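For reference, the structure is listed below as structure tokens.
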Amino acid sequence: MVQEKVLNVALLGLGTVGTGVYKVLKNQEPEMMQKIGCKVKITKILVRNLEKAAKKVDDPSVLTNDWNSIIQDSSIDMVIELMGGLSPAKEYILQALNAGKHVVTANKDLVAVAGKELLDAASENQVDFLFEAAVAGGIPIIRPLKQCLAGNHITEVMGIVNGTTNFILTKMTQEGMEFKDALDLATELGYAEADPTADIEGLDAGRKVAILASVAFNSRVVLDDVTIEGITKITATDIRYAKEMGCTIKLLGVTRSTEDGIEAYVNPMLIPSSHPLASVNDSYNAVFVHGDAVENAMFFGRGAGELPTASAVVGDVFDIARNIEYNCCTRISCTCYKQLPIKKMEDTYNSYYVRLQAEDRCGVLAELTKIFAENQVSIEEIVQKRARSNQLAEIVVITSKVREGDFTRAMDAIKKLERVKEISSLLRVYRAE
Ligand code: NAP
Ligand code: HSE
């Protein structure tokens, strides 16, 4: 009888995603031989709390809290890191790669800051290091950018890559909720984490943008290169104005390859309600890609959660199993063969939405338009809205696409005007290239 081939793997972490991977691998077991030519067997699972983890597995003897029992076990071919965080995840992954073990991770925090170091270690040791689940959970995007879309020069990747904030903005848009109430609901329903800071301040999306930019433009972009702003200042009033202007407010991650370098930022933006991303609601994610051959392609689905994220992790595991079978590991390794500069935010071109409170007196609009004109900021729309009190008027301006440095100079001057009492809100407006 021919002996069944077995790929021995160790799981690091048995939380949301780890449990999902355990379930998906179990569910796939009957078809594995036909699908990938071997059986994937979880032989060890690293956890902190053995008792808690024992309730989640069929055979608690696979559980350990001793990393050495994994790294020193030469029968383990692959490590699936699902603990999260920078340390000890980075040390464990590097040790695994250096011991000739393939690694799969969903850890965007780590890949966004140390992707190059990890990919270099994989390459030196002729093993695979894959991280499809690190961006937009269950949505395939890393593999499509590296493989299916390799015949393109990608010029833009943008999208909604954080489910928690998309859920909050959806509730604010559809039900008129204020930010705080929508965040409370997200927490109650289990979308937001116990500490939602990384989500609502845009950091989680920023990490994903750094990874997307590196892969899309073949040039390393790290978290520090991404300009980040979250959604905490968005109010129901801005959502209402956006609607009146035919737009929806979304937390967008945008990265572009331009002649002067790479643009990479995350911020809440007005996007025309006719754009396909405007109707991506609740906790769903979507990524929009523009390439010179494909034109536009959109990827939509669940950006987080136990089984959707496990779907991406197991896809990586199966890919490595096939690479081993066909002796072609490291086939898709680091694709950053360029060194493009990162563009300063002040040199990017954007359209802006400004909402301000000014004295309701003759000449205020003239003062504003004069300052914008002096700074090469062209106005597309200007509306004086209902007065919030007898003396104050609310003015909303939408600019054409202008250089951010010029716009900032104009705003600095406007802030100094005696009759302008408050800049209530300032947002970018998404315009396709
Ligand atoms: P989680 O629910 O907090 O699970 C983390 C697991 O790792 C827990 O079982 C924890 O054990 C264990 N762990 C942490 N540090 C450890 C250590 N030093 N030694 C041993 N075990 C350790 O996290 P998660 O949501 O599954 O996320 C895992 C990774 O996937 C993260 O990198 C995250 O960014 C990424 N990701 C998550 C999602 C999602 O939807 N959740 C989506 C995409 C990507 P204890 O329970 O004993 O503390
Ligand atoms: N916290 C993330 C989100 C999921 O809300 O999209 C993990 O990437």
Reachable lysines from K243, criterion Cα separation under 27 angstrom, eight or more residues apart if same chain: K171, K180, K233, K385, K401, K415, K421
Cα pair distances in the stretch 291-433, grouped into 5 Å bins until the bin that holds the longest one, percent each: 2, 7, 13, 13, 11, 9, 8, 7, 7, 7, 6, 4, 3, 2, 1, 0
Residues of type lysines that K35 reaches as a straight line, Cα spacing below 24 Å, ignoring anything fewer than 8 places off in the same chain: K5, K23, K26, K44, K101, K146
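Hey, how much of the P(r) for the stretch 1-86 falls beyond 16 Å, as a percent of Cα pairs?
Percentage above 16 Å: 53.
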Taking the chain and dividing mean pair separation by its residue count, relative contact order in percent (alpha carbons under 8 Å, at least six apart): 16
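Leaving out ligands, DNA and RNA, and with a 1.4 Å probe, what % of the accessible surface on the chain is carbon or sulfur? Present the calculation step by step, with values, prior to reporting the outcome.
On the way: 9300 of 19180 Å².
On the chain, the fraction of accessible area on carbon and sulfur atoms equals 48 percent.
Would you be so kind as to identify all helices of the chain, as entire DSSP H runs, whose Cα atoms reach 24 Å or more along the helix's own axis and whose mean Kyte-Doolittle hydropathy is at least -0.5?
On the way: long enough: 306-325 (28 Å, 0.41).
Answer set is 306-325.
With a 1.4 Å probe and all protein chains left in place, how much accessible area per residue does the stretch 238-384 have, in Å²?
44
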Length-normalised contact order for the stretch 49-135 - Cα pairs under 8 Å, 6+ apart - percent: 25
Estimated inter-spin distance, L185 and E325, nm [label 7 Å along Cα→Cβ]: 4.6
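Assuming a viscosity of 1.002 mPa s and a temperature of 20 °C, what translational diffusion coefficient in µm² per second does Stokes-Einstein assign to the stretch 99-167, Rh being the Kirkwood radius over Cα pairs? Please list the in-between numbers first.
On the way: Rh = 13.7 Å.
It comes out at roughly 157 µm²/s.
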Length-normalised contact order of the stretch 290-433 in % [C-alpha pairs under 8 Å, at least 6 apart]: 28
Residue of N68, N218, N98 that the Gaussian network model of the chain assigns the largest fluctuation, springs spanning Cα pairs under 10 Å: N68
Stokes-Einstein translational diffusion, the stretch 315-383 - Kirkwood Rh over all Cα pairs, 0.692 mPa s, 37 °C, in µm²/s: 182
Alpha-carbon gyration tensor eigenvalues x 5, square-rooted, for the stretch 1-41, Å: 22, 11, 6
Distance (nanometres) between label positions extended 7 Å along Cα→Cβ at K23 and T237: 4.4
Set of aspartates and glutamates with alpha-carbon distance to K343 below 18 Å, sequence-local pairs under 8 removed: E156, D224, D225, E229, E259, D260, E263, E404, D406, E433
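Which order do you get for I231, I42 if you rank them by accessible area with a 1.4 Å probe, largest at the top? Working shown, then result.
Values: I231 0, I42 30 Å².
Highest to lowest solvent-accessible surface, that is I42, I231.
Rounded to the nearest 500 deg cm²/dmol, what is the calculated helix-only ellipticity per residue at 222 nm for the chain, with -39500 (n - 2.57) per DSSP H run of length n ≥ 4?
Details: 14 runs with 148 residues, N = 433.
The helix-only estimate for the chain comes to -10000 deg cm²/dmol at 222 nm.
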With eigenvalues of the C-alpha gyration tensor scaled by 5 and rooted, the chain, Å: 47, 23, 17
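Throw me the Rg/Rh for the stretch 48-114, computed over C-alpha atoms with Kirkwood Rh, two decimals.
With Rg and the Kirkwood Rh in hand, the quotient comes to 0.98.
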GNM flexibility winner over the chain from T309, T173, T237 (Cα, springs under 10 Å): T237
Cα→Cβ-extended label distance, 7 Å offset, between E124 and L86, nm: 2.0
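If you wrap the stretch 137-192's Cα atoms in a convex hull and average its projection over all directions, what's the area in nm²? Spell out each step's value before the answer.
Working: hull surface 20.4 nm².
In nm², the orientation-averaged hull projection of the stretch 137-192 is 5.1.
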Packing-based order for 21-32, 72-83, 158-169, using average beta carbon neighbours within 10 Å, highest first: 158-169, 72-83, 21-32
Antiparallel DSSP beta bridges within the chain, as percent of all bridges there, nearest 5: 70
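Starting from the coordinates of the alpha-carbon atoms of the stretch 206-336, obtain the Kirkwood hydrodynamic radius over all distinct pairs and give the value in Å to one decimal.
17.2
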Over the stretch 370-433 - Rg/Rh using Cα atoms and the Kirkwood inverse-distance radius: 0.97
Sparse-neighbour loop sites [GluC sites (Glu not before Pro); the stretch 199-303; at most 13 other C-beta within 10 Å; DSSP]: E259
Residue-span extension gain [S274 to Q384] - 0.36 nm each, minus C-alpha spacing: 37.1 nm
10 Å-binned pair-distance histogram of the stretch 153-265 (Cα, whole percent): 15, 41, 30, 14, 1
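Beyond 17 Å, what share of the Cα-Cα pairs of the stretch 120-159 is found? Please give it as a whole percent.
Working: 366 of 780 pairs.
Across the stretch 120-159, Cα pairs with separations above 17 Å total 47 percent.
The values are calculated or read from the model by the stated rules, or taken from the named source; none is laboratory data. The structure presented is a predicted model; accordingly, all values stated were derived computationally and were not measured. Note that each Cβ is placed from the backbone with ideal geometry, even for glycine, and that neighbours are counted across all protein chains shown. The accessibility values were calculated without ligands, DNA or RNA, using every heavy atom of the protein model including side chains. Shrake-Rupley method; radii C 1.70, N 1.55, O 1.52, S 1.80 Å.
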